[in-house]
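Asks: Submitted below is the structure of interest, expressed as C-alpha cells.
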Amino acid sequence: MTDVFISYARADQEKVEKLADALVARGVSVWWDKQIKSGSEYSADIETALNAAGAVIVCWSKASAGSRWVKDEAGAGAEAGKLLAVSFDGERPPLGFRQFHSVNLSDWRGDPLDPAFIEFMTAVEGHLAEGGGRPPGPVVSPSAAKRSLTSMTKVIFAGAVIVAVAVIAFLGARSGPSPARVTAGATSSGDGGGLQIDESPVLEKSIAVLPFVDMSVAGDQAYFSDGVTEEILNALSSFDDLRVAGRTSSFSFKGQNADLRSIGEKLRVRHILEGSVRKQGDSVRVTAQLVQASDGFRLWSESFDGSLDDIFEFQERIARSVADKLAVLLDAESGERLARRLTESRDAYDLFLRARAMVAPRFGPDTLSNAIGLLELAVELDPTFAEAWAELARANYFLPQYMPVPNADSYLERSDDATSRALALDPGLARAYLAKAGVHSYRGEFVETYDALTKAIELDPNDADIVGAVGYYWSYLGLSERALPFLEKAAELDPINISNQFTLGVANMNAGRLEEAERLLRACVEAGYVPAGIIRPQITALRGDAVAAEQQFAAGFDMINPGLRKKFGDENAEVARVVAAALYGDDPAAQSIVRKHLNELALDPSIASNPAILGVMLQAGEYELFMRTFESGRFGGSTFVLNIIWDARDRTVGLRGHPGFADFVERAGLAEAWRTHGAPEGCREPSVGAGFECI
C-alpha cells in the first residue's frame, strides 16, 4: 500500500515535485500522477491509487480550488477519513472542505527543516500511524538533524524519558476558591484496583450530569448530545448553592452502564441527571430525567420535541426544571438565561460542538489541528460567536503542548487574538480568561497570569479547571499552603479527574505533608498515571527509605514506555536500574553514566527542554545544567518543572541554595511574582532588587 496519494492542479506541478521528494526523503511512499505509465487508463489508475493510499494529500491553490478533478479526489479522501491538506498560495479551500485544517506551505521552498513542513510531516506521520500504517518518524529539528545518538544506551535513555512529555507537559496548562479546607482526594484501595475516593459528606444539593445518550439512527451524533449535556452542566454550575460534579468526572461514565448508586458514591452527589438526544435532519428530541442516586427514584422527567432552532430553549427548560426540583435559589428578577443562546447560526453551532468534542481529549495527532480548522470556520460563519472564539483560543494554546511544533509563538499569538475577540464580544467568559492565563504562564509572565486567573475565578468560582488552575499557580510559585485549599476544592468538584489528585499530591509533598502525599500519589500510580510513577519516589526518599525510592523510580521509569522493554529487551531494564541508582542510591558509576548522557542530551534543546529530562537533571544534582537547559527555550511543561523544586529533599534544597538560583528565579519570572504575592518560606530578598536568597 502506498502511504500517500497527492492530488493537485497541473499549474502546481513544480511545487508538488518538491513536496513528493521531501516526503520520500522522510521514508513516506508517494503516488502522484507523474507515475502513470504510458498506455494506462488514466482515471482507472488514479482511482486505484487513491483507494490504496493510507492518506490523501490535497494541495489547495487558486488553480486546484477550481479543479473538478481535485475536488473529486478530495471528496473521496474526506469520505474515507484520510484527507490531509496543504495550501500552496494561501487560497482558501472550496466550500465543503474548509473544515479540514490546511498547513500553509505558501512560503515553503523545499527545505525539510522549514517549520511549516515539520508541522505538515507531524500530521502526515501521525495520521499514518493512527491508521495502522507505518509508524511515525521523529519530528526533525534543525539541531537534531545535524547529530545522531549512536549509543544504544543513549537511545533508550532519551526515548524512555521523552515519551513522558506528552503526559506531563499538559500540567503546565492546568486550567478557583474555597475558604475552608475540604477532605478530598484519591486513596489506595489496598488491592491495586485503581483510583478510589475518600468518604466525605455529600451535600443535599449536589448533582452529576451524565453524558446524554446519542439515539440518532446512524449513531453519529455523539458530539451533539455531548454538547447538549455540557451546556446543561454549565447552566447548573452557575448556582452558588448547588454542587455540580465536573465535566471530566461526569463524562468518565460515558458509554458505561454503571449503577447509579455507585456513580453517586464515586462523585459524592445526591442526584443524577441523565437523558438522551435523537437528532434526525432538522428535528431533535431531548429526553431528560432527574433521579436520586441512592435508590434511582425518579424526581422529574420530560421530553422535548422540536427543531434545531429550539435546542437552546430545551437546555434552558431542563436546567430550570432541575433547579426547581432541587430548590436551588433562582434570581427571578434578573431575567438572565441559565443556558445561553450561543449563536443564531445552526452551522456555526454544529461546527463548534464538533470542535469542542476534539479539544476536550486533546490527544491525537490531528485532534487539535482539526478542531482549530472547524472553529475558524465557525467564527467565519458567525463572527459574533463569543464561545467559539474562546474555544479557538484554548485550542491554539493547547496545540503546542500536545504536538511537537518548531515554534509555539504563532499559536500563542493566535490564542491571544481569539481571546481578545471573545472578550470584546462577551467580557463575562471565564474560560477566555483561563486561556489568557495559560498563554501568560507559558511565557513566564506570572503576574499577568495571576490577573487573568483572578478574573476567571471571579466570573466562575465553581469551574473545577479554573479552581485547579489557581491552586496550581500558587503551587509552582512555591506557595504550597496557599495552593492546597484550591487544589482540594478542585478535587472535590471533579473527583475522578486524576490530574487533580496528582497535583494535590505534589502540593502536599512540597508542604511536608508526606503521609497525605504518599496516599494520593500511590493511588495515581495504581491507576496507571505515568507522571506519578516518577514523582512518588521523591516522597519515599523524603520519608527516609532510599532503597524503596530507588525501586519505585526504576518501576516508574519503565512505566513511562513499556514498549521499550519489548524493543530493547533487558537493556531497558538495565537503564532504568542505572538511572534509579544514580538519583536515589549512592552509586558513583551510575551517577557518572547519567551525568554523561544528560550533558549530551542538553546539547539539543528540542530534546532537553522537557519536564521529564529536566526532572532527572534536578534529581541528579546537575544544577547548572538544569538551570541552563530550562532557560534554553520556552516549553509547555515549564511550570510543571517549577512545581517540583519546592520539596525538602537534599538535592532539591541544593538547587535552591545554588549561587545561580537568584538569577534563575529572576529570569524565570518567579521573582517578579514573589514581589507581588510574597516569597515562599525559606526565600527572602534582603533589599528590593537585590535578588532572592533561598535555603
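Asks: Ignoring everything but the protein chains, give the 1.4 Å probe accessible area of Asp417 in square angstrom, nearest 10.
Replies: Rounded to the nearest 10, the figure is 90 Å².
Asks: Find how many whole Å separate the alpha carbon centroid of the range 238-309 from the alpha carbon centroid of the range 52-88.
Replies: 41
Asks: Set the Förster radius R0 to 35 Å, insert the Cβ-Cβ distance between Asp282 and Ser420 as r into 1/(1 + (r/R0)^6), and round the FRET efficiency to 0.05. List each step's numbers first, then the result.
Replies: Values: r = 35 Å, r/R0 = 0.99.
That gives a FRET efficiency of 0.50.
Asks: Would you please give the residues with an amide H less than 5 Å from that of Ser206, counting only those at least 5 places away or on a separate chain, with H modeled from the backbone geometry?
Replies: Arg243, Arg270, His271
Asks: Determine ³J(HN,Hα), in whole Hz, for all residues of the range 459-466 in sequence, where each value follows from phi through the Karplus function 6.51 cos²θ - 1.76 cosθ + 1.60 and θ = phi - 60°; x replaces Gly and Pro.
Replies: Ordered by residue, 3J(HN,Hα) equals 6, 8, x, 10, 7, 4, 5, 5 Hz.
Asks: Just to confirm my numbers, what's the Cα centroid distance between the range 518-552 and the range 577-591 in Å?
Replies: Each part's Cα centre sits 17 Å from the other's.
Asks: What does the accessible area of Arg675 come to, in Å² to the nearest 10, when a probe of 1.4 Å is used?
Replies: 100
Asks: Something else: Considering every Cα-Cα pair within the range 266-333, what fraction, in whole percent, is farther apart than 16 Å? If you can, show how the numbers build up before the last one.
Replies: Numbers: 1200 of 2278 pairs.
The answer is 53 percent, as a whole percent.
Asks: Report the one residue of Ala523, Tyr472, Asn510 whose Cα lies farthest in the direction of the positive end of the charge dipole of the range 453-525 (charges on C-beta: Lys and Arg +1, Asp and Glu -1; origin at the Cα centre).
Replies: Asn510
Asks: Students often get this wrong, so check it: of Lys34/Lys62; Lys15/Lys62; Lys266/Lys436, which have C-alpha atoms separated by over 25 Å?
Replies: Lys266/Lys436
Asks: Would you tally the net charge around Arg285, using a Cβ to Cβ cut-off of less than 13 Å, leaving Arg285 out, and scoring K and R as +1, D and E as -1?
Replies: Numbers: positive: Arg278, Lys279; negative: Asp214, Asp282, Glu302, Asp305, Asp310.
My count for the surroundings of Arg285 gives -3.
Asks: Give a residue-ordered list of calculated ³J(HN,Hα) values for the range 203-208 (Karplus: 6.51 cos²θ - 1.76 cosθ + 1.60, θ = phi - 60°; whole Hz; x for Gly, Pro).
Replies: Those phi angles translate into 5, 4, 8, 8, 8, 10 Hz.
Asks: With +1 assigned to the C-beta of every Lys and Arg and -1 to the C-beta of every Asp and Glu, and no other charges, what is the dipole magnitude of the range 222-331 about the Cα centre in debye, to the nearest 20? Please report the intermediate quantities before stating the final value.
Replies: Working: 14 positive and 18 negative charges, 108 e Å.
The calculated dipole for the range 222-331 is roughly 520 debye.
Asks: Excluding ligands and nucleic acids, what accessible area in Å² is computed for His597 using a 1.4 Å probe, to the nearest 10?
Replies: Counting only protein heavy atoms, His597 exposes about 20 Å² to solvent.
Asks: Given a 1.4 Å probe and heavy atoms of the protein chains only, how would you sort Thr540, Thr676, Thr454, largest accessible area at the top?
Replies: On the way: Thr540 15, Thr676 80, Thr454 45 Å².
From most accessible down to least: Thr676, Thr454, Thr540.
Asks: Now a separate question. First select every other residue whose beta carbon is under 11 angstrom from the beta carbon of Gly264; then total the charges, Lys and Arg +1, Asp and Glu -1. Mind dumping the intermediate values first?
Replies: Details: positive: Arg261, Lys266, Arg268, Arg270; negative: Asp259, Glu265, Asp295.
Within the 11 Å Cβ shell, the charges total +1.
Asks: Once you put a point 7 Å from the Cα of Glu265 and another 7 Å from the Cα of Val217, both along the Cβ direction, what distance in nm separates them?
Replies: My value for the distance between the label points is 4.3 nm.
Asks: Right, next: Please compute the net charge surrounding Val447, taking Lys and Arg as +1 and Asp and Glu as -1 over other residues with Cβ under 10 Å from its Cβ.
Replies: Values: positive: Arg675; negative: Glu445, Glu448, Asp451, Glu672.
Summing Lys and Arg as +1 and Asp and Glu as -1 gives -3.
Asks: For a bin width of 10 Å, list the pair-distance distribution of the range 567-649 built from all Cα-Cα distances, rounded to whole %.
Replies: Going from the shortest bin to the longest, the percentages are 17, 47, 31, 4.
Asks: Determine which aspartates and glutamates satisfy two conditions relative to Lys596: a Cα distance under 13 Å, and not lying fewer than 8 residues away in the same chain.
Replies: Result set, ordered by chain and number: Glu622.
Asks: Rounded if a/c is under 1.5, else prolate if a/b is larger than b/c, else oblate: which is the range 394-480, with a ≥ b ≥ c the root eigenvalues of its Cα gyration tensor? List each step's numbers first, then the result.
Replies: On the way: a/c = 1.89, a/b = 1.15, b/c = 1.65.
Oblate, since a/c reaches 1.5 and b/c is not below a/b.
The values are calculated or read from the model by the stated rules, or taken from the named source; none is laboratory data. Owing to the predicted nature of the structure, the values given are computational and were not obtained by experimental measurement. Please note: Cβ atoms are built from the backbone with ideal geometry, for glycine as well, and neighbour counts cover all protein chains shown. Ligands, DNA and RNA are stripped out before the accessible areas are found, and what is left, the full protein with its side chains, is counted by its heavy atoms. Shrake-Rupley method; radii C 1.70, N 1.55, O 1.52, S 1.80 Å.
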